[in-house]
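Following: one structure in structure tokens, then a few remarks.
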Amino acid sequence: MPLSAGSHASIFELVLSAGIVAKFVLAVLLLSSILTWAIILYKWMTLRKAEAENKRFLVLFSKIDDLMEIQQKALQRNEGPMVMVYQAAIDKMHPYLEKGGEGAPPAIDGNRPMLLASLQRTLQSGVQDEMAHQERYLHFLATVGNTAPFVGLFGTVWGIIDSFQEIGRQGNANIASVAPGVSEALIATAAGLFVAIPAVVAYNIFVNKIRKMEVQLEVFGAELTSMVEEKLFNLQSGRKVR
């Protein structure tokens, strides 16, 4: 029910005096806002942790040449995206690398291109799995960012319709009688924008961070493939490999 003409109400009073539909819209937007900020905080913490873990692993990877030693040390201190990709790749290639200086396993002879292609597929799959993990809940931010303004607009339109119906019942159509009802209705639009803007900004920031991480993992995968190729060549040649 709109406030009477000439009254001066706070936003809180406008919300309390709003109709049932407007209150329902505002309740939906409030819940969406709470969930949005919870996800923003969660994603900020998890992405920050993942970036730090990737940096630590790259330092380890650059200092140690033994692939198995890297695996052991990394798993003791790190469970970041890059470690998970590395773990999947080494698990795939371990049977062909474990003999070290004793010579290459028979399966390597003539099969290096096939083994490397298999490694690349494993790396690609690992990167995709990690990206899917990092992208969790982002769809909610995108949905809220796209729909919250329209939910608020629905509340506004409904409120304006209700206001004009009230004017029709009272038979008074001056600005003073219209303004309170319109003010109540516009609260829903403002609330929708208040919910949507942080969701859109956070979504774009997180997507940008995740895309950078994806590129970093792909570059790492190419470097690891090159290193494994060298190890396999040395094994096939009968050289000592670490």
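Nothing in this text is a laboratory measurement; each read-out follows from the coordinates by a stated rule. Model, not experiment: these values are computed from the prediction.
Here is the link list: LYS23/LYS43; LYS43/LYS92; LYS49/LYS231; LYS73/LYS231. Which ones come out longer than 27 Å on Cα distance?
LYS23/LYS43; LYS43/LYS92; LYS49/LYS231
Listed values for segment 23-40 are Karplus-derived 3J(HN,Hα) couplings in whole Hz (6.51 cos²θ - 1.76 cosθ + 1.60, θ = phi - 60°), namely 5, 5, 4, 5, 5, 4, 5, 5, 4, 4, 5, 4, 5, 4, 5, 5, 5, 4, and x replaces Gly and Pro. Listed values for segment 195-205 are Karplus-derived 3J(HN,Hα) couplings in whole Hz (6.51 cos²θ - 1.76 cosθ + 1.60, θ = phi - 60°), namely 7, 6, 4, x, 5, 5, 4, 5, 4, 5, 5, and x replaces Gly and Pro.
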